[in-house]
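Single-structure report; data block below.
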Amino acid sequence: MNKIIVIGNLGRDPEMRYTASGQSVTSFSIATNRKFTVGGEQREETDWFNVSAWGRLSETCNQYLTKGQQVYVEGRLHLRSYEGRDGQTRWVNEISLTDVQFLSRGTGPGDDSPAYDNEPGGMDSGPMGDDADDLPF
């Protein structure tokens, strides 16, 4: 089983793109914070997660999410490679979104951001075929 759940705040506004076949994909990052004490000294640690949403879920995230908003995300964790500007291959862990809940107010219609209802069979939650290779990120 491959499942990850993260609650955090958006580090940037979502960016929506389209694959060559016309499928929408939205990417954004989420930050989580953890406070702890080491030797009597308070410390804080931030972990960053890259998230990609596909299909109808992609469009919903792009419409309602904004930087700083708190969200619950659930999905599959996978390792993706890309070529950096220096020509070197880089690897990054990414969450392929299957469910999202908006925990703080957004900027959508009426300034309410409803929780996304994951209807069975009603959403495209992942890349189809080789479309993921068409993405510029």
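The rows are residues; the columns are (1) in contact with a Ser or Thr (Cβ under 7 Å, 6 or more places away or on another chain); (2) among the charged types (D, E, K, R); (3) modelled with pLDDT under 95; (4) surrounded by 11 or more Cβ atoms within 10 Å (Cβ to Cβ).
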| residue | (1), (2), (3), (4) |
| --- | --- |
| M1 | no, no, yes, no |
| I5 | no, no, no, no |
| P14 | yes, no, no, yes |
| V25 | yes, no, no, yes |
| S29 | no, no, no, yes |
| N33 | yes, no, yes, no |
| L97 | yes, no, no, yes |
Quick check on my filter: what residues within the range 71-88 are exposed (fewer than 15 other Cβ atoms within 10 Å of the Cβ) and either within 12 Å of the chain's Cα centre (by Cα) or over 30 Å from M1 (Cβ atoms) (or both)? L77, E83, G84, R85, D86, G87, Q88
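The values are calculated or read from the model by the stated rules, or taken from the named source; none is laboratory data. Keep in mind that this is a model prediction, so the values were computed, not measured. Counting neighbours? That spans all protein chains shown, and the Cβs are built from the backbone with ideal geometry, glycine included.
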